[in-house]
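For reference, the structure discussed in these notes is given below.
The values are calculated or read from the model by the stated rules, or taken from the named source; none is laboratory data. The model shown is predicted, which means the values in this text are computed figures rather than measured ones. Neighbour counts are summed over all protein chains in view; Cβ atoms, including those assigned to glycine, are modelled from backbone coordinates with ideal geometry. To get the accessible areas, we keep the full protein, side chains included, count just its heavy atoms, and leave off ligands, DNA and RNA. Shrake-Rupley method; radii C 1.70, N 1.55, O 1.52, S 1.80 Å.
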Amino acid sequence: MRLGPIGLGTPMVLAPMAAVTNAPFRRACRSHALRALAELGRDTHASPTWAPAGLYVCEMITARALVEDRESTWRLVAADPDETPRSVQLHGVDPATMGEAARLLVSRGLAHHVDINFGCPVPKITRKGGGSALPWKTSRFVAIIEAVIAGARAGSEQAGLGFIAPVSVKIRSGIDDDHRVDIDAGLAAQDAGAAAVCLHARTTAEYYSGSAHWDHIGALVEVLDIPVLGNGDIGSAEDALAMRDETGCAGVEVGRGAQGRPWIFADIAHALAGSPRRSRPSSDEVIDMIRTHARDLAQWGGDEGHAMRDLRKHLGWYLRGFRVGGDVKRRLARVGSLAELDDILGEIEPAQPYPAAAEGLHGRTGHSRRPKLPEGWLDTREVDAQAMAVLERAALEGEFSY
Ligand SMILES: Cc1cc2nc3c(=O)[nH]c(=O)nc-3n(C[C@H](O)[C@H](O)[C@H](O)COP(=O)(O)O)c2cc1C
């Protein structure tokens, strides 16, 4: 699969997840995929235009925070020195700010690929016309894509990259069943110059509930010439194969299936290569992964307490299905240092085999809900005066987060 100038040796992508896909988690996922490639006797050498193990996207970054030069946001986009190609997702509603953020990221060597978030269903974002609400307003959607492409091009030239960093978009199927956007947004993105489209095949209203509509992915594949990344409900290598076979998508994008199971990328790499080998780590192996993840987080953020707060959510995901006592769970939920973590993990019954309960998707599910949109948003796909006022206000506020 190709994302413009970037070749993906394995057509799989770690989906951007806010507060999850930072550099240490991306490293964990990548390292399993690289292990699988080595097991398969494949070349593992990466470059800015060659991703043997696929792409691992940084969590969504608010464009305005970069343009305003907020140090905490720059820390979030920090990549591992050996992480390449580097992939970052931007979010914002203002074309000029989005373009400038893309230029900054690429010119500073922090991104070789920029993805745009048009899929976020969180009310505080959609209510301001952002995330998955935005593709409904076609002219603004296209203006943002064009601005990000121009910014990525300028940044690539400034950095002397030798290629133009490609831009992709991540969309949902629509606002709700009566207001689908996937086909026309995909076509508009392609016309605007996007290198790929990732479709999370649920509407905003569906949030994370029910099953993703893989038929929407297949329909998009039918109409687009650029690659489509299929996203939604891949919880195993077998799911990845099934999605590829059912939809014809060029690549698969995996979110929740990687939570606590970074080895899913090794399994998918094996599966795509026709190999039956799957990772079935024991409790001891998972605990080793946790220790490495914890050390990487502490080193990356430079603050052990903060690293442990980040790690806590991963601990539940990693240990799902293993026998872990209530007292150990409670202490892990409050763990404050690496030394304490080591002590508590040491109390978990050793050598437990991989539990069947670890299979499947972790994290968000929930119910469908009425999308929170700006007043009158669905009345027209034009950016009328009312929508313009909302977008201008949102562009100034800039402080979006999950
Ligand atoms: C905790 C969490 C954070 C997320 N953050 C983002 C984000 O920053 N940007 C984005 O485009 N999607 C985000 N998503 C959506 C995922 O990228 C993905 O589209 C969705 O989870 C469906 O894929 P899955 O079934 O493989 O999880 C997030 C999802 C979760 C569960």
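Using the crude model of +1 on Lys and Arg Cβ and -1 on Asp and Glu Cβ, and no other charge, please compute the dipole size for the range 210-301 relative to its Cα centre, in debye to 20.
440
With a Cα-only, solvent-free Debye model of the range 5-85, what are the log10 I(q)/I(0) values at q = 0.13, 0.19, 0.23 Å⁻¹?
-0.43, -0.83, -1.08
Which stretch or stretches of the range 299-332 have amide N atoms under 11 Å from the point lying 7 Å from residue 349's Cα along the Cα→Cβ direction?
322-325
Compute the long axis of helix 23-39 from its Cα atoms, compare it with the longest principal axis of the Cα atoms of the chain, and write down the angle in degrees, 0 to 90, nearest 10.
Roughly 70 degrees, rounded to the nearest 10.
Hey, could you pull the Cα Rg and Dmax for the range 115-158, both in Å?
12.2, 37
Do any chymotrypsin sites (Phe, Trp or Tyr not before Pro) in the range 128-173 lie in a loop, going by DSSP, with at most 15 other beta-carbon atoms within 10 Å of their beta carbon, and if so which?
The qualifying sites are 163.
In percent, how large is the relative contact order of the chain, given Cα pairs closer than 8 Å and 6 or more residues apart?
Contact order relative to length: 18 percent.
Mind checking the angle between helix 385-397 and the chain's longest principal axis? C-alpha axes, 0 to 90 degrees, to the nearest 10.
40
For the chain, with all protein chains present and a 1.4 Å probe, just round the carbon and sulfur fraction of the accessible area to a whole percent.
Its accessible area is 49 percent carbon and sulfur atoms.
Between the range 219-274 and the range 74-147, what is the C-alpha centre distance in whole Å?
Between the Cα centre of the range 219-274 and that of the range 74-147, the gap is 22 Å.
How charged is the neighbourhood of residue 231? Take every other residue with its Cβ under 12 Å from the Cβ of residue 231, and add Lys/Arg as +1 and Asp/Glu as -1.
Summing Lys and Arg as +1 and Asp and Glu as -1 gives -1.
Ignoring ligands, DNA and RNA, what accessible area per residue does the chain give at 1.4 Å, in Å²?
38
Is there a quick way to get the dipole size of the range 283-352? I mean about its Cα centre, with the Cβ of Lys and Arg at +1 and of Asp and Glu at -1; what is the value in debye to the nearest 20?
With Lys and Arg at +1 and Asp and Glu at -1, about 420 debye.
I need the P(r) histogram for the range 156-231: all alpha carbon pairs, bin width 10 Å from 0 out to the longest distance, whole percents.
Once binned at 10 Å, the Cα pair distances of the range 156-231 give 20, 46, 22, 10, 2.
Distances longer than 31 Å among the Cα atoms of the chain: what percent of all pairs is that?
In whole percent, the share of Cα-Cα pairs in the chain beyond 31 Å is 35.
Among 350, 321, 336, whose Cα lies farthest out toward the positive end of the dipole of the range 283-352, if unit charges sit on the beta carbon of Lys, Arg (+1) and Asp, Glu (-1)?
Of the candidates, 321 comes out farthest on the positive side.
If contacts are Cα pairs under 8 angstrom and at least 6 residues apart, what is the relative contact order of the range 283-352 in percent?
39
When we measure straight from the Cα of residue 329, which lysines land under 16 angstrom away, once same-chain ones fewer than 8 places off are left out?
313
Nearest 20 debye, what's the magnitude of the dipole of the chain about its Cα centre given +1 on Lys and Arg Cβ and -1 on Asp and Glu Cβ?
Value, rounded to 20: 620 debye.
Specify, per residue and in Å³, the volume enclosed by the convex hull of the alpha carbon atoms belonging to the range 283-352.
In the range 283-352, the Cα hull volume divided by residue count equals 68 Å³.
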